[in-house]
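Working notes, beginning with the structure itself.
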């Protein structure tokens, strides 16, 4: 976790909001949506599906109204200009075979694109692997995060 603390000191003005999510709590889509809703303080109307995640995550990063989450209109928002999401045991997001990590990173990427023209928080995503993880898991993470070769 020292690397996370170091990153929080180097992300610029406005402060950071670190959120740690344990991959063990994200065994399937339902668990992932529930964990994200809790950890990111999504509003009650969050529909716990990919479209709802895309909408709520995009709104979370919009900080014009006063901070992270202020676009939900039921709170003042968290005073931070950078959201740091750390996924512990991130191999669990691959191992379940549901392609959760690919969908999740695509959602994050879309939220950043949507907010590019607005006053939005920065986003850093940290995927932690246990030192004992296999080479296959690390290779799978690289394929997901770097995209297809030559693309």
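All of the numbers you see were taken from the coordinates with simple rules; none came from a lab. Keep in mind that this is a model prediction, so the values were computed, not measured. Here the Cβ is made from the backbone with ideal geometry for all residues, glycine too, and neighbour counts use every protein chain on show.
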### Summary
For 14-25, 56-67, ranked highest to lowest by mean beta-carbon neighbours within 10 Å, the order is 56-67, 14-25
### Query
Hey, fewest Cβ within 10 Å first, where do 55, 38 land in order?
38, 55
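Please work out how much length the chain gains when fully extended from residue 110 to residue 50, using 0.36 nm per residue of separation minus the C-alpha to C-alpha distance, in nm with one decimal.
On the way: separation 60, 0.36 × 60 = 21.60 nm, distance 1.18 nm.
Difference between extended and current length: 20.4 nm.
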### Task
Using a Förster distance of 22 angstrom, determine the FRET efficiency expected from the C-beta separation of residue 64 and residue 126, and round it to 0.05.
0.25
### Paramagnetic label zone (point 7 Å from Cα along Cα-to-C-beta, residue 22; backbone N under 12 Å) in region 81-111
88-89
